[in-house]
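The structure appears right after this line, and notes come after that.
Nothing in this text is a laboratory measurement; each read-out follows from the coordinates by a stated rule. Just so it is clear, the model here is predicted, and its values are computed rather than measured. Glycine also receives a Cβ, built like all others from the backbone with ideal geometry; neighbour counts cover every protein chain displayed.
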Amino acid sequence: MMKKKLRVVAAIIENNEQEIFCALRSQQMSLPNLWEFPGGKVEQNEDIFVALEREIKEEFNCRIVTDDVIFAKTTHDYDSFIIDLIAIKATLIDKEPVLTEHAQYIWLKRDNLLSLNWAPADIPIVEKLRTEKNRH
Ligand SMILES: Nc1nc2c([nH]c(=O)n2[C@H]2C[C@H](O)[C@@H](COP(=O)(O)OP(=O)(O)OP(=O)(O)O)O2)c(=O)[nH]1
């Protein structure tokens with residue numbers, strides 16, 4: 001049978017201290033106990049930037065402003081599905097995120113990102129963040 005293909009957007013949210021927002025998937029979610037850049041599935045005909053803002057609002061009850069470019073795009077073949085993961089940088093507006101589905105979150109400097117147990121699809125994005133030169 002053909003594997004299901006998921007199109008997922010993920011936010012690289014950086015704060016004023018150059019820390020990046022990392023979220024821990026809970027026991028109840030798929031890929032439990034793995035860290036991710038928060039986001040979710042893009043709906044049919046939905047704009048990816050709109051999808052990302054929607055997902056962050058749903059999952060953390062806060063608003064972000066996204067870049068208007070894609071930071072990184074990667075494909076990963078999990079046992080039960082294939083994911084197209086689209087990472088987009090973003091900035092938090094209003095307030096700190098509130099956990100609703102995730103088990104935990106943490107703000108980490110780039111150099112410390114590899115200390116977490118990431119969802120496999122996210123590893124290339126973590127690597128790109130660690131080595132990027134022109135940060136903003
Ligand atoms: N949001 C997000 N999902 C990721 C990342 N890396 C990664 O492998 N994934 C996977 C986990 C999920 O299987 C899928 C995203 O789906 P989701 O979080 O919207 O929804 P879900 O499958 O947990 O739950 P559901 O909507 O099926 O109830 O992509 C990532 O960095 N961010």
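A few points about this structure:
- In summary, the convex hull built on the alpha carbon positions of region 67-136 has an orientation-averaged projected area of 6.2 nm².
- A Cβ-based charge dipole, computed about the Cα centre of region 1-134 with Lys and Arg at +1 and Asp and Glu at -1, lands at about 280 debye.
- Longest site-free stretch - the chain; sites: trypsin sites (Lys or Arg not before Pro), DSSP loop, at most 12 other Cβ within 10 Å: 4-94
- Legend: distances between Cα atoms for K57/K89; K73/K133; K41/K133; K4/K89; K4/K41; K95/K133; pairs beyond 22 Å are K41/K133; K4/K89; K95/K133.
- Cut-off 13 Å between beta-carbons: net charge of the residues surrounding N61, Lys and Arg +1, Asp and Glu -1: -3
- Normalised Debye scattering of the chain at q = 0.12, 0.14, 0.16 Å⁻¹ gives log10 I(q)/I(0) of -0.43, -0.59, -0.79, counting only Cα atoms as equal scatterers and leaving out solvent.
- Footprinting exposure proxy ranking of D47, D122, fewest other C-beta atoms within 10 angstrom first, gives D47, D122.
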